[in-house]
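Below is one structure, written out as structure tokens; comments come after it.
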Amino acid sequence: MRHLISLFDLSTSDVGAILDLALELKRNLKAGERRHAILEGHVLTQLFEKPSLRTRASFDAAIVHLGGSSQFMSSKEAGLEGRESLADVARVVSSFSDAVVLRTFSQKLIEEFAEHASCPVINGLSDDCHPCQALTDLLTLREVFGNLNGLKLVYVGDGNNVAASLAVAAAMTELELTVCAPESYQLPESFLTQLKSAWPDVRLVQSTDPKQAVGQADVVYTDVWASMGQEEEASERKRVFAPYQVNAELMAAAPDGCKFMHDLPARRGLEVTDDVIDGPNSIVFQQAENRMHLAKGLLVWLMKESSGD
Ligand code: CP
Ligand code: NVA
């Protein structure tokens, strides 16, 4: 049985297969094929500790398009806040689900859930990573640029869950990634050790100077400065990250036509200004729509991979 607990669970060819499936399903849908019934009768359970728009709604839409249905439960409703053990919740929920999407604070919770689950488990974001987002970003880049070979993606902002998954995605592909963050907000050392051990040839540049970093960028990417769970640090982060705002001045330091990406939700006026996110080079809503197409590719791939178990 296969899970997607982090991108370290996948090989480069797995990623290629998921993206191919997602793009094929997207093409079919755009051609008017609304229901594929590939996963007829399948049940997807979504169990979230944190709020979500894109992840929850895109997986809901994805499973309906594929002929199945979904159910949602908050961690409180599921009993994850002490009503019973995590292992028991995992055993019970997975016994009547074909896949489970979890959104949690702790990465360890998803790992432990998967240990006791009898169906594939998908990480719908944890404090450590956001694999579905990074896969979607690869899909979007492939659509916009044709391929990823030598593409220069410059992430400006917090070295957080989104940045970490982008770093793994880049290591697995031909994408060249720069993470430009304030000194104390770079990707964590423990993550870099894991990344280098899994992908020894990884080409990842870390820097602190946004204008210099975006000089050769094909794409500039940013995310919120304070992630869910870091609300108390928001005002301090606002001060530290102010020079990292993606605005017209920063985009002017990038080559003409440089694209802009953001996983959303955006804090407009903080990490990005309206003129950039709403500007002609922004691909954020294509990126957001692609969450659903990626979810479909991922679900079909996971079911196929796990069908022999
Ligand atoms: N990008 C993303 O995961 O959005 P949500 O938090 O709304 O799911
Ligand atoms: N880094 C953000 C991503 C939201 C999709 C967070 O964790 O809140």
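Filtered by the rule that a residue be more than 8 Å from ligand 1 (Cβ to nearest atom) and outside any strand (DSSP E or B), the range 36-56 gives H36, A37, I38, L39, E40, G41, H42, E49. Looking only at the range 277-309, residues that are part of a loop (DSSP other than H, G, I, E, B) and among the aliphatic types (A, V, I, L, M) come to 1 in all. Does L270 satisfy the criteria of being assigned to a loop (DSSP other than H, G, I, E, B), among the hydrophobic types (A, V, I, L, M, F, W, C), modelled with pLDDT of 95 or more and at positive phi? It is false that L270 is assigned to a loop (DSSP other than H, G, I, E, B), among the hydrophobic types (A, V, I, L, M, F, W, C), modelled with pLDDT of 95 or more and at positive phi. For the range 264-278, the tally of residues that are surrounded by fewer than 15 Cβ atoms within 10 Å (Cβ to Cβ) and free of Cβ contacts under 8 Å to residues at least 24 places away in the same chain stands at 4. When each of S75, S95 is tested for being modelled with pLDDT of 95 or more, hydroxyl-bearing (S, T, Y) and out of contact with any helix residue (DSSP H, G or I) (no Cβ under 8 Å at 6 or more places or on another chain), the lone residue that passes is S95. When you check L80 against the structure, is it aliphatic (A, V, I, L, M), closer than 28 Å to S227 by Cα and either loosely packed, with under 14 Cβ neighbours inside 10 Å or modelled with pLDDT under 95 (or both), yes or no? Here the answer is yes, as L80 does meet what is asked.
Of the residues A164, A134, which single one is in contact (Cβ under 8 Å) with a residue 24 or more places away in the chain, in contact with a His (Cβ under 9 Å, 6 or more places away or on another chain) and crowded, with 24+ Cβ neighbours inside 10 Å? Testing whether each residue is in contact (Cβ under 8 Å) with a residue 24 or more places away in the chain, in contact with a His (Cβ under 9 Å, 6 or more places away or on another chain) and crowded, with 24+ Cβ neighbours inside 10 Å leaves just A164. Picking from residues in the range 167-198 that are among the polar types (S, T, N, Q) and in contact (Cβ under 8 Å) with a residue 60 or more places away in the chain, the one that is farthest from L151 (Cα to Cα) is Q194.
The values are calculated or read from the model by the stated rules, or taken from the named source; none is laboratory data. Only a predicted model underlies this, so the values are computations on that prediction, with no experimental measurement involved. Neighbour counts are summed over all protein chains in view; Cβ atoms, including those assigned to glycine, are modelled from backbone coordinates with ideal geometry.
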